[in-house]
Amino acid sequence: QVQLVESGGGLVQAGGSLRLSCAASGRTFGSYAMAWFRQAPRKEREFVAAITWTGSPTSHADSVTGRFTISRDNAKNTLYLQMNTLKPEDTAVYYCAAGSAFGSSPRGYDYWGQGTQVTVSS
């Protein structure tokens, strides 16, 4: 079992940066693929980025490629999402997830955090 706690969200102006963290409990963190998803009001949850248990390869949604970077530190049981050049359309609740399969479908992930709000003002 893995428990996930996100942090690092907040309010930022367009063009700014934030780094989200996801702290995981459990000794098997390093064996899971990890991902970030986000959900804006009245929209479905959407894939943002994923990373294998080794840290490579990674996958990013087209909408964030070149602006966001997913990474992990297995020694610290922590997943990160560096978000640069933020846009108002990035406003959403961001969730981290852990699972046995690397991919962009939320169905592939078994464990979810409670989410952290990111708001980008124009």
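The values are calculated or read from the model by the stated rules, or taken from the named source; none is laboratory data. If you're wondering where the values come from, they're calculated on a predicted model, not measured in any experiment. Don't worry about glycine lacking a Cβ; one is built from the backbone with ideal geometry, like all the others, and counts go over all protein chains shown. Just the protein is used for accessible areas: all its heavy atoms, side chains included, with ligands, DNA and RNA removed. Shrake-Rupley method; radii C 1.70, N 1.55, O 1.52, S 1.80 Å.
Tabulated data
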read-out: Pick from the stretch 1-55, criterion hydroxyl-bearing (Ser, Thr, Tyr) and touching a Phe, Trp or Tyr at 6+ places or on another chain (Cβ under 8 Å), ranking: surrounded by the fewest Cβ atoms within 10 Å (Cβ to Cβ); value: 31
read-out: Qualifying residue in the stretch 63-74 (condition: out of contact with any His (no Cβ under 6 Å at 6 or more places or on another chain) and touching a residue at least 40 places away in the same chain (Cβ under 8 Å)); value: yes
read-out: Residue within the stretch 96-103 that is assigned to a loop (DSSP other than H, G, I, E, B), at pLDDT below 95, among the polar types (S, T, N, Q) and open to solvent by less than 50 Å² (accessible area, probe 1.4 Å) present; value: no
read-out: Residue in the stretch 53-73 that is more than 19 Å from residue 103 (Cα to Cα) and basic (Lys, Arg) present; value: yes
read-out: Output for the stretch 62-78, where each listed residue is in a loop (DSSP other than H, G, I, E, B), modelled with pLDDT of 95 or more and open to solvent by 30 Å² or more (accessible area, probe 1.4 Å); value: 62, 63, 65, 66
read-out: Residues of the stretch 104-115 satisfying the condition of being farther than 14 Å from residue 49 by Cα and open to solvent by 20 Å² or more (accessible area, probe 1.4 Å); value: 107, 110, 111, 112, 114
read-out: Single residue of the stretch 80-92 satisfying the filter (in contact (Cβ under 8 Å) with a residue 60 or more places away in the chain and either hydrophobic (A, V, I, L, M, F, W, C) or open to solvent by less than 20 Å² (accessible area, probe 1.4 Å) (or both)) that is farthest from residue 3 (Cα to Cα); value: 86
